[in-house]
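Undergrad: After the structure tokens below, expect a handful of questions from me.
The values are calculated or read from the model by the stated rules, or taken from the named source; none is laboratory data. From a predicted model like this one, the values you see are computed outputs, not experimental measurements. Please note: Cβ atoms are built from the backbone with ideal geometry, for glycine as well, and neighbour counts cover all protein chains shown. Heavy atoms of the whole protein, side chains included, go into the accessibility calculation; ligands, DNA and RNA do not. Shrake-Rupley method; radii C 1.70, N 1.55, O 1.52, S 1.80 Å.
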2 protein chains.
Amino acid sequence: MSQNQMFNLLSYPSALVDHFGFTTDKTFKQRYLLADEHWKKDDGSILFYTGNEGDIVWFCNNTGFMWDVAEELKAMLVFAEHRYYGESLPFGNNSFKVSTGIPCFIELHFTGLHRSCVICKLKVCSNPVLGKSISAIFPTAFAYFVSLALAASAPIWHFGNLVPCGVFMKIVTEDFRKSGPNCSETIHNSWGAITRLARTGSGLHWLSEALHLCTPLRNSQDVQHLKGWISETWINLAMVDYPYESNFLQPLPAWPIKVVCKYLNNPSLSDAQLLQNIFQALNIYYNYSGQARCLNISETTTSNLGTQGWSYQACTEMVMPFCTNGIDDMFEPRSWNFREYSDDCFKQWGVRPRPAWITTVYGGRNISSHSNIVFSNGELDPWSGGGVTKDITDTLVAITIPEGAHHLDLRARNAFDPTTVLLARSLEVRHMKQWIRDFYCIKNIHNSLRKLNN
Amino acid sequence: MSQNQMFNLLSYPSALVDHFGFTTDKTFKQRYLLADEHWKKDDGSILFYTGNEGDIVWFCNNTGFMWDVAEELKAMLVFAEHRYYGESLPFGNNSFKVSTGIPCFIELHFTGLHRSCVICKLKVCSNPVLGKSISAIFPTAFAYFVSLALAASAPIWHFGNLVPCGVFMKIVTEDFRKSGPNCSETIHNSWGAITRLARTGSGLHWLSEALHLCTPLRNSQDVQHLKGWISETWINLAMVDYPYESNFLQPLPAWPIKVVCKYLNNPSLSDAQLLQNIFQALNIYYNYSGQARCLNISETTTSNLGTQGWSYQACTEMVMPFCTNGIDDMFEPRSWNFREYSDDCFKQWGVRPRPAWITTVYGGRNISSHSNIVFSNGELDPWSGGGVTKDITDTLVAITIPEGAHHLDLRARNAFDPTTVLLARSLEVRHMKQWIRDFYCIKNIHNSLRKLNN
């Protein structure tokens, strides 16, 4: 049964297009999914999922954890779609046609639910909320509203110079290195092979055929594009390297990197043989179902992901520096060039990113004044490089999952779950229950005092 | 010696015109006054004064407390001018010519000072900062940056329906009631007397003469204006009812309401006699120096106050409901009419106020998740009606000063200070010193742990 059938409420409340400026009072419809089957108003909780960079129904269907714990936590489930994604478009079909200059904020509208214990789940929780999946949890600005938070796979430190810009690609590489002999070396060698083959027209033609590309490569720009597309494929595999068959970014077998690496065990082959093996590997990711007739280098994931919205966010508030050096990682060297990045943003959106915005507004590494947040990270997940992986205080707790990829703990229970993710989930629930108890305990004290005073 | 001569630094760093939207990257010069004579970098503090609705030099000269405690707290003093006030105009001379729609935010730019203990002084402290003197302290959003705060005379609950809209005028009335026999009754009766006198042309003429108005009254609109101006005069007197001669809003004698009330001890006089006494009372406020040749009903305070900036703020984020009923207070009954208020704002600025903005963003009464804030209120201060006057937690502490008007505790030491304000100040300093010790204690533990780990 599809999980979204369980929703008993689909809500489209009005949200202001701009909560902070006063040039417009326009509103738009923001989508929320609600399920209150297990909700107990008096001692329950509200699990509030702050939507990612995509269609909320799709993320909802990939977040079984909320359903699995709803009864135990007597929880109402709320999935909020982030503005600029899915159906929640502030300017309708024109949302990406013009640069609006309006920040990608979302507002939580839950008047009347204030008295219940609100658990802010996932990456981001605050108002303003920054809702990038790969991003961050910041229940800080709205501490009064949010009692606790589970920040799963939240790279809150992947900003400014809080972590080295190479950490992400290093973890991707590590995932391939550990998943099969010579796997990362083979990928490392593939870039040169592509460059050499692409030097001639016939080489370009051969490459296009060998990789079964839908559109043949014509020039060096196409080749750069191809390399970027292949890199992104390896990154995506690292994110969804789950221990069972899944269908998140693409339909995939269990431990997909292991499957891919079976084709990538010999880095010393000729350029052509090596690229044929690269094709076999890519074909696992793009054609596990066997339906694809060719590979399209313009996309790497399902269309449920809102790439335009993300591009705009990354060009404004969410500036994450990335780089590679080809030594600590299996990619071609590429330094982080903010100037170039900013120019590209200006070309595309007419805006300049503000790299210090997030660290200024949310404190960067100085978050010890906050409390009641569980930060969970899978060690296979490249985003863990920007995550909180050590306890900061008694109530800012880190949980790491050695066999976990991106958001494994948030996915539905599965017979193939490794023990480490089971432990992580039970720890998460333990913290949540403890903090819910604290919430009601303090609330009861307040109520008693109020009665005594009257 | 004028206190501003003690500044060793006058700084005009660039601040973004709009920190939140991305339509413009323009900057403007924001004024800061700094004094670091007593600053000790290693164990000292930074007292950061978040500027009010006016010229920062003027407020600085009326905030002697910061100078009085600088040495004891080894403090650097920083006075930040709020945008849209004084010299800190985001659009220069055009700042009030057009409705920019840009929120009245201010940004703290103190990179490099992060490691010292920052005390956020006065009303408002956060980034965004809402800097209305009569407003609020919210070191919440920037808890990571601000270690503690003194929220002096901060009516953080004078929003939405958190307090009754009549509380402010009730306290004003109480101040007059207590300052002389029949004083508030006399004022209460004066409104009807004005109305009756203003019914005829000769009555209008007589009123203009009797009150020594610079511009004669011509119609009922002028009479309404006159009543508003007189009301505001009584309000201002309630705010600055200090126990010694002072010159804040106007040059005034000690306990000015007592002086004023000497003329207002007989509510049963004829309309004309009653208004002549009202003139004597007004003349204390507007002409203590004896220099004024006539009274100008277009102004009630020094021009250092930025009335335009405040009008815009009140028309956007800072919506404070006020009302009177003529029973619990000495004013003519006037209900709170948000619709009318909003229409007036739209007429003047082309914007509509958002009454729920502040309570949504800052939590309204739910602030118990914050810490290290002293809320001080003078019981004579009408703004105390919207203030925090009872402890909320161990680290959200309320101090009330029975003989205190607005900001008395922030003023310089004076031989005529009542004991209660001396006690309040010493309590404030005690809390600050305790929290500064806590700050350095935690910092030292962190440093030791870091050394152990390396």
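Undergrad: If you check B:Glu299, B:Glu317, B:Glu340, B:Glu332, which single one turns out to be touching a strand residue (DSSP E or B) at 6+ places or on another chain (Cβ under 7 Å) and of a type in the set (Asp, Glu)?
TA: From the options B:Glu299, B:Glu317, B:Glu340, B:Glu332, the qualifying one is B:Glu332.
Undergrad: I'd like the residue in the stretch B:314-348 that is over 22 Å from B:Trp157 (Cα atoms) and part of a loop (DSSP other than H, G, I, E, B) and, out of all such residues, is nearest to the other protein chains (Cβ to nearest Cβ).
TA: Top of the filtered list is B:Ile327.
Undergrad: Within the stretch A:1-87, considering only strands (runs of 3 or more DSSP E) that don't extend past its boundaries, which have at least 3 residues that are more than 14 Å from chain B (Cβ to nearest Cβ) and of a type outside the set (D, E, K, R)?
TA: Output list reads A:9-11, A:32-35, A:45-50, A:75-80.
Undergrad: Let me ask something else. I'd like to check which helices (runs of 4 or more DSSP H) are fully inside the stretch B:165-221 and have at least 2 residues that are closer than 29 Å to B:Val388 by Cα and open to solvent by 70 Å² or more (accessible area, probe 1.4 Å).
TA: B:167-179
Undergrad: A follow-up question, please. Any residue in the stretch A:405-425 that is open to solvent by 30 Å² or more (accessible area, probe 1.4 Å), within 14 Å of chain B (Cβ to nearest Cβ) and touching a residue at least 24 places away in the same chain (Cβ under 8 Å)?
TA: no
Undergrad: Considering only residues of the stretch B:77-98 that are aliphatic (A, V, I, L, M) and open to solvent by less than 10 Å² (accessible area, probe 1.4 Å), which is nearest to B:Thr24 (Cα to Cα)?
TA: Selected residue: B:Ala80.
Undergrad: Yes or no: the stretch B:365-374 includes at least one residue that is buried (at least 22 other Cβ atoms within 10 Å of the Cβ), on the phi > 0 side of the Ramachandran plot and polar (S, T, N, Q).
TA: Yes, that holds for at least one residue.
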